[in-house]
Structure formats: structure tokens, C-alpha cells
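Notes for the one structure printed next.
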């Protein structure tokens, strides 16, 4: 999963601090995505440097809050619309995108699921094309047999994703949506403190 994009989508719920986002990411992906806390903060720092996130003050106990910018919201919408993260595996991107969309009350998950269906049908169709061309080559060239097996795997993966999407689409999507938790996790990165003056002797 592109942690960057998922965090941006979570910030569309409103300002949050790093450890809160860390827990929300795990919750909204059904527990399948638990990234290192340090990765969460490092990603927030990069997003801030890129102008996609900005500081939003701090909590009562001093934890820095982040909020999404207009550019960040556009990037979040692009990811929900199907723009996979660079180098990300399409399977994981699709599963995470759908789970997060379904979990967010402010997101209409139906078009997200339908767009995923369109993309995976196209991937299945692309995988079917070489299979018919290679069928006569299997006996003569061992590599053609391997290519046919690889193509079969891609078709099976596309079929599995389409079946999963059908199951999600026919479930009670509203029952899976939940608002950000008001319960505050206690951990979080606080701003670095300035050097303390030495205590009086």
C-alpha cells in the first residue's frame, strides 16, 4: 500500500496527530496494514515538505496536529479514483483502497468499487490475449509454456479480485463505515525540546 496516499485520505476526516493516524490506518484496513510508527511520522514529514499536509497546531497535551491542504486533497481523491502509488502492487492497492473507502462515512465507496472492477476486467482481458497466441508454441518452446503459466496466474488473480469486489459490493457497506475515534491514544511524537538550563546547585 502507498502509505502516503492512505494517510492523505485519512486526513480528509480532519486534523489528526501521527499516532492517531497510525492506529486509524490499521483499523480502516481491517488490521491487514500495520506500518512502523516511525514510517508514519517520516511520511507525514515528507507530505509536509511537499505541501500536501500542513501543521494544524497541537493537542492540549502538546502533540502536533496535521491537516490536509488543497493539493493534498486532490492527491487523496486521485488515489481513491484509482491512481496507484509508484511501484505499488495493484492487488494490495485495490484491497486497501476499497477497505479505506468503505470505512469512511464521507466517501461514497460504490464508484470506487466500480472503478476497480473496470480496471481488473481490463487486466484480465490483457492477460487473455497472449495465451491464445502462445498455445501453439508450448510444445516446441519451453519458455512459451512458462509464459502461458504466468498468463494463467494473472487471469486467476484478476478473477479472484473481481469475485472479492462483487462480495464487498453486495455487503452492507454502511455498516462498515465509522467516524474517527474520539478516544485518544496516549503515545505520540512531541516537538523536540530546547536544551534545559542547568539546575541550580
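The values are calculated or read from the model by the stated rules, or taken from the named source; none is laboratory data. Predicted model only: the values in this text are computed from it and were never measured. Cβ coordinates were reconstructed from backbone atoms using ideal geometry, including for glycine residues, and neighbour counts include every protein chain displayed.
Quick notes
- Subset of segment 9-52 (residues that are closer than 16 Å to residue 100 by Cβ and without any contact (Cβ under 8 Å) to a residue 12 or more places away in the chain): 26, 31, 34
- Of all residues in segment 167-192 being surrounded by fewer than 12 Cβ atoms within 10 Å (Cβ to Cβ) and not in a loop (DSSP other than H, G, I, E, B), the one that is modelled with the lowest pLDDT: 174
- Residue within segment 140-154 that is modelled with pLDDT of 85 or more and under 30 Å from residue 25 (Cβ atoms) present: yes
- For residue 92: the one exception among (1) surrounded by fewer than 18 Cβ atoms within 10 Å (Cβ to Cβ); (2) closer than 28 Å to residue 171 by Cβ; (3) without any contact (Cβ under 8 Å) to a residue 60 or more places away in the chain: (3)
- Filter result for residue 6 (free of Cβ contacts under 8 Å to residues at least 12 places away in the same chain and part of a helix (DSSP H, G or I)): no
- Selection status of residue 158, under 20 Å from residue 80 (Cα atoms) and at pLDDT 85 or above: yes
- So residue 70, is it at pLDDT 95 or above and loosely packed, with under 12 Cβ neighbours inside 10 Å: yes
- Evaluating residue 103 against the criteria (1) in contact with a helix residue (DSSP H, G or I) (Cβ under 7 Å, 6 or more places away or on another chain); (2) surrounded by 14 or more Cβ atoms within 10 Å (Cβ to Cβ); (3) free of Cβ contacts under 8 Å to residues at least 60 places away in the same chain leaves one unmet condition, (3).
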